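Below is one structure, written out as structure tokens; comments come after it.
Here, each number is a calculation from the coordinates, and none is a lab measurement. Quantities reported herein were computed from a predicted structural model and do not represent experimental measurements. Virtual Cβ from ideal backbone geometry, glycine too; neighbours counted across all protein chains shown.
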Amino acid sequence: MADDARSTSADPARDDVSVSTSLQGGDPDPPPAHDSIYGAPSPASKPNSHLLAATPEEAVALKTRLETYKPIQPGFSYHYCTIVWRKGAKLGLMIRPTPDDKIICTRVAQGSLSYEKMLAGDRIIELQGKPCVNRDETKDEIKQHFSKARKCSFFIERPESNEAKMWAQIAINRPGGRSTKDNTGAPAKQQKAELKDAVRRHLQMARQHQVHPGADQHK
């Protein structure tokens, strides 16, 4: 299994990391990636026909986990997915931390193993039953599980409402920054407050545009 996890972002200020883009050998060029939850070619903004249906085992695991998981966030759906390694396949997953100690999927390579189960904007809550709050630890654990067990199970939170999607979009596109595990006190709280404020402003602008759709054109 090739160990080619690396940051593929062209912007050094960003902190996305690619997780094992190739699970076996060689392909130098990753397939096209979906890196936004709004606008083409985002899979989350169109029917998700490429996503595989949950297996009976995944459905049972999700039901069991939701019996004790709290809090259930409004505007999000919850999923349990197991990605199974296939020879020559790519995982095709890029993740980054958010200011509020969450790990979010920022890109999913089209045609990859992750493409069958996950979307840009998905938050990885747990990996094999373990909470995910640190990007590098999550990356390493994903690689270890695929190396040893040839599969890995994720408990994920998916944005569905406009507000939830806006949170995910801002978290994906924000420049640089680290999770609260990499900062202390005020900086972490400030980043979290700024994220919430940005969501509020974007939603307010969206509502104003719906009420006055041609306002900007007449200025």
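Among the residues of the stretch 54-77, the ones that are surrounded by 16 or more Cβ atoms within 10 Å (Cβ to Cβ) and part of a strand (DSSP E or B) come to 1 in all.
For the residues Asp101, Asp136, the requirement of being among the acidic types (Asp, Glu), touching a residue at least 60 places away in the same chain (Cβ under 8 Å), over 24 Å from Ser49 (Cβ atoms) and outside any helix (DSSP H, G or I) singles out Asp101.
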